[in-house]
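Notes follow once the structure below has been shown.
The values are calculated or read from the model by the stated rules, or taken from the named source; none is laboratory data. Please read all numbers here as calculations on a predicted model, not as lab measurements. All Cβ positions, even for glycine, are placed from backbone atoms using ideal geometry, and neighbour counts span all protein chains on display. Quick note on the areas: whole protein, heavy atoms, side chains included, nothing else; ligands and nucleic acids left out. Shrake-Rupley method; radii C 1.70, N 1.55, O 1.52, S 1.80 Å.
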Amino acid sequence: QVQLEESGGGLVQAGGSLRLSCAASGRTFSSYAMGWFRQAPGKEREFVATIDWGGSRTFYADSVKGRFTISRTNPLVYLQMNSLKSEDAAVYYCAATNGFVRYEARDYKYWGQGTQVTVSS
């Protein structure tokens, strides 16, 4: 079992930065690939970024590439978000998957409750 809890969301002006954190617990957490997803009102949950178990491989959605950075220092996973735009506003979730990095929400087994990110223009 892996338990996940996000923090760090809040209100930020467009162009600003936020760092989200995901605290994980569970004996085998270090062997899991981790991902960040987001869901805006009326939209489907979408992939944002993922990192492998060792932290050496990262992948990003095109919409955040160059602005967001995923990293991990077990048992914490981070999402540094810079140059935020209004379209980045959403509830952000961290998730864990056993094995290789994944891009689809359905491939992740464990989820946190989410943290709200609001971007004012």
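Distance between the modelled labels on Arg106 and Asn74, one decimal in nanometres: 3.0 nm (7 Å Cα→Cβ projection).
Hey, if you drop one equal point scatterer on each alpha-carbon of region 1-44 and run the Debye formula without solvent, what base-10 log of I(q)/I(0) do you get at q = 0.14, 0.17, 0.20, 0.25 Å⁻¹? Treating every Cα as an identical point scatterer, log10 I(q)/I(0) equals -0.49, -0.67, -0.83, -1.02. Once you've got the GNM for the chain with C-alpha springs shorter than 10 Å, pick whichever of Leu79, Leu20, Leu11 has the biggest mean-square fluctuation. Sorting by GNM fluctuation, first place goes to Leu11.
Of Val101, Val64, Val77, the residue with the greatest mean-square motion in the GNM of the chain, using alpha carbon springs below 10 Å, is Val64. Ordered from largest to smallest accessible area (heavy atoms of protein chains, 1.4 Å probe), the residues Glu6, Glu44 come out as Glu44, Glu6. Once the C-beta distance of Ser86 and Ala23 is scaled by a Förster radius of 41 Å, the resulting FRET efficiency is 0.90 to the nearest 0.05.
Sorted largest first by accessible area at a 1.4 angstrom probe radius, with every protein chain in place, the residues Arg57, Arg45 fall in the order Arg57, Arg45.
The Cα-based radius of gyration of the chain, divided by its Kirkwood radius, gives an Rg/Rh of 0.94.
Shown is the FRET efficiency for Glu5 and Asp62, computed with R0 = 35 Å from the Cβ-Cβ distance and rounded to the nearest 0.05: 0.80.
Just to verify a number: FRET efficiency for Asn98 and Gln39, C-beta to C-beta distance, R0 = 30 Å, to 0.05? So, using R0 = 30 Å, E works out to roughly 0.85. Relative contact order for region 9-97: what percent, with Cα pairs under 8 Å and sequence separation of 6 or more? After rounding, I find 40 percent. Could you work out which residue, out of Arg106, Arg19, Arg38, moves most in a Gaussian network model of the chain, that is, has the largest mean-square fluctuation with Cα springs under 10 Å? Residue with maximal mean-square fluctuation among Arg106, Arg19, Arg38: Arg106. Computed over protein heavy atoms with a 1.4 Å probe, the accessible surface of region 1-60 works out to 55 Å² per residue. When nucleic acids and ligands are ignored and a 1.4 Å probe is applied, Phe29 ends up with an accessible area of around 10 Å².
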